[in-house]
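Notes follow the structure.
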Amino acid sequence: LMMWRMFTRLFYFVLRNSRKEPRMTKNAEKVTQKQALQKASMSTGVSSTDLSQVNEENSTMPSWVFSDKNHTISCAVTKNGGYLSYFIKNRMVENENLSMQEGLKKAEQFLTDLGINSMRTTYYENYNGILTVNFAYDDNDICVYTDLIKVSVALDNGEISGFDARGFLVNHEKRTYSTDRISPIDAQDKLSPMLSVKSRQLALIPSDGDRELLCYEFKCTNQEGRNVLVYVNALTGEEEQIL
């Protein structure tokens, strides 16, 4: 539930930022429709001849959108850079033959096959036999929640049934971080004494505006045994969020 709330915040952060030019495509070389089709075919495992329906998505991230005649699959590839933006395959999953861990490995392998590295699993859920895994960028041990990629795996046969990299394409860039931070111990001292800390890490999280905040993320339990996430600003020492 905690991570669901975090990713709800991320959804609205990406939605707000969808109005700005994505950082990954900003200065990228244009690709042709044929090149985009090849990318879509290779990424989805669907023949290019089957992806016969073509549309153009004229947004802040212009894309070619390919689908089959029955609209069982839709796949978008950016016109600048030729990045796989998203795709979805519409089908029912009758039986779950793979475990959650096997599904996670399928999702991780798919990112590796796309050449997308330095991502870490942050949250996943199973809905009607489709395992959706949320990945965040690992920037030298800083978990960048705003650079978000989602991969969906069908647990009957391990097929990748969905992918969404729009959060990553919009926000990802080379970042520099201030080293003028409070210590992890000083940050932990800001927590309620009624919380027991289980782990901590540095994380970049979205604010209620359009800014990103470098925080210490503390995973805790309270006196009733409930899980609590607390984010303490690594620069100011102020508590930013409690989930």
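At-a-glance table
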{"quantity": "Within the chain, helix-based [θ] at 222 nm, where runs of 4 or more DSSP H residues each add -39,500 (n - 2.57), nearest 500", "calculated": "-6500 deg cm²/dmol"}
{"quantity": "Accessible surface, the chain, averaged per residue in Å² (probe 1.4 Å)", "calculated": "54"}
{"quantity": "Calculated from backbone phi, Karplus (6.51, -1.76, 1.60) coupling profile of the range 54-62 in Hz, x at Gly/Pro", "calculated": "10, 10, 10, 9, 9, 10, 5, 10, x"}
{"quantity": "Equivalent ellipsoid dimensions for the range 31-90 as semi-axes, Å, which come from the Cα gyration tensor, largest first", "calculated": "17, 12, 10"}
{"quantity": "The range 158-170 - phi-based ³J(HN,Hα) in whole Hz, Karplus 6.51/-1.76/1.60, Gly and Pro as x", "calculated": "x, 5, 7, 9, x, 7, 8, 10, 5, x, 5, 5, 6"}
{"quantity": "Percentage relative contact order, the chain, counting C-alpha pairs under 8 Å, at least six apart", "calculated": "16"}
{"quantity": "P(r), alpha carbons of the range 119-196 - 5 Å bins starting at zero, rounded %", "calculated": "3, 13, 17, 15, 14, 14, 10, 7, 5, 1"}
{"quantity": "The chain - percent of accessible surface contributed by carbon and sulfur, probe 1.4 Å", "calculated": "46"}
{"quantity": "5 angstrom amide H check on K79, placed H, neighbours 5+ away", "calculated": "S63, W64"}
{"quantity": "Length gained when the stretch N95-T179 is fully extended (0.36 nm per residue, less Cα-Cα span)", "calculated": "25.2 nm"}
{"quantity": "Hz values of 3J(HN,Hα) by residue in the range 117-123 - Karplus curve (6.51, -1.76, 1.60), Gly and Pro given as x", "calculated": "10, 6, 10, 10, 5, 10, 6"}
{"quantity": "Alpha-carbon centroid distance for the pair the range 177-243 / the range 128-148, whole angstrom", "calculated": "18"}
{"quantity": "Cα pair distances exceeding 30 angstrom across the chain, given as percent", "calculated": "32"}
{"quantity": "Cα-based radius of gyration of the range 76-176 once divided by 2.2 N^0.38 Å, which approximates compact folds", "calculated": "1.08"}
{"quantity": "Placed amide H near E159: partners under 5 Å, 5+ positions off or other chain", "calculated": "A154"}
{"quantity": "Estimated inter-spin distance, S47 and D210, nm [label 7 Å along Cα→Cβ]", "calculated": "4.5"}
{"quantity": "Antiparallel bridges, percent of DSSP beta bridges restricted to the chain (to nearest 5)", "calculated": "95"}
{"quantity": "Fraction of alpha-carbon pairs over 18 Å apart in the range 160-222 - percent", "calculated": "54"}
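The values are calculated or read from the model by the stated rules, or taken from the named source; none is laboratory data. The structure presented is a predicted model; accordingly, all values stated were derived computationally and were not measured. Glycine gets a Cβ as well: all are built from the backbone with ideal geometry, and neighbour counts include every protein chain shown. Please note that ligands, DNA and RNA were not included when accessible areas were found on the heavy atoms of the full protein model with its side chains. Shrake-Rupley method; radii C 1.70, N 1.55, O 1.52, S 1.80 Å.
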